[in-house]
Ligand SMILES: Nc1nc2c(c(=O)[nH]1)N[C@@H](CN(C=O)c1ccc(C(=O)N[C@@H](CCC(=O)O)C(=O)O)cc1)CN2
């Protein structure tokens, strides 16, 4: 391996430390404790792990954590009523509904029921619009985490060619907006992109968020490029399973200048950025400046 490893696990710990410091200052100077409410519908095992981890890390940072669990067959009206109560609760500065929701629920409608200023996932259509138009937004946690790692590694990203693989509303599109905001030349590539390998080969920065295990081989990567792997795919490996990203780690690491691993790359940054967004939401709700180093 020749590429530098971008250690998301270690960087996420640094972000959580900054969050905890800021929370302590908010308590001391403003008698303000940021609060995060996480809503889980159903019993999806992976979602249960993520929700537990969010609650634990929220408390460790000194913030208030509120967990709400609804049964898998809860009706949508019950969820909307809960969201409305949380929208009106002054102790709650951030609200997150864990995805995926059960199939009888309309995810867009549910997300858009969250007050935009409390939408710490940054998925509300108002926040998507604010991000796209360069206004203060709540920024989706995974792309925000990727941007923080890229800035930490490169400093200035201006003028770089960035290729975002994947066009989802929660990763691909906001990631492209963030990179555009850094004055990168941005291409969003997807399943219908022609000559995909050649497009990716132009990139100084590749962000892979397609959800297809090890789709990007090393010979698609420009020598020295930075590769950010958003994929978290569990694959069978003999009798066992293991996690892999959307890029073929070994072959890409031979060519790239820097690369994130899976696990231990983008994933841990997602929850760290959720904590950061909650602090940002609490500050904005109280007319305070958003914390430096924790926002875009
Ligand atoms: N409302 C939301 N729902 C979901 C989101 C989200 O951002 N908001 N993202 C994912 C799940 N997710 C957080 O919710 C998440 C996924 C993975 C990780 C992570 O740290 N992964 C580890 C590996 C974990 C493992 O061993 O399985 C890693 O990459 O190192 C954190 C958060 C979908 N739902």
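Laid out as a table, the results:
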read-out	value
Cα shape, segment 119-169, gyration tensor, a/c 1.5 rule	prolate
Antiparallel bridge percentage (DSSP; both residues within the chain; nearest 5)	15 percent
Highest average packing first - 210-223, 248-261, Cβ atoms within 10 Å	248-261, 210-223
Cα-based Rg and Dmax for the chain, where Dmax is the largest Cα-Cα distance (Å)	19.0, 56
Shape category assigned to segment 97-200 from the gyration tensor of Cα positions, a/c cut at 1.5	oblate
Most to least packed among 126-134, 170-178, 232-240, 5-13 [average Cβ atoms within 10 Å]	170-178, 5-13, 126-134, 232-240
Residue 103 paired with residue 234, simple spin-label distance in nm, labels 7 Å along Cα-to-beta-carbon	2.0 nm
Computed [θ] at 222 nm, deg cm²/dmol, the chain (DSSP H ≥ 4; -39,500 (n - 2.57); rounded to nearest 500)	-12500 deg cm²/dmol
Cα gyration tensor category, rounded, prolate or oblate, for segment 55-147 with a/c compared to 1.5	oblate
Relative contact order of the chain, pairs being alpha-carbon contacts under 8 Å that are 6 or more residues apart, as %	22 percent
Spatial separation of Cα centroids for segment 164-219 and segment 243-296, in angstrom	17 Å
Linear extension gain, residue 27 paired with residue 7, 0.36 nm per residue minus alpha-carbon span	4.1 nm
Peptides ranked, highest mean first, by Cβ atoms within 10 Å: ranges 27-39, 60-72	27-39, 60-72
Residue 85/residue 219 FRET efficiency (R0 51 Å; Cβ-Cβ; nearest 0.05)	0.45
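Values quoted throughout were computed directly from the atomic coordinates according to the rules given, and no laboratory measurement underlies them. This is a predicted model, so every value here is computed, not measured. As a convention, Cβ positions derive from the backbone with ideal geometry for all residues, glycine included, and neighbour counts pool all protein chains shown.
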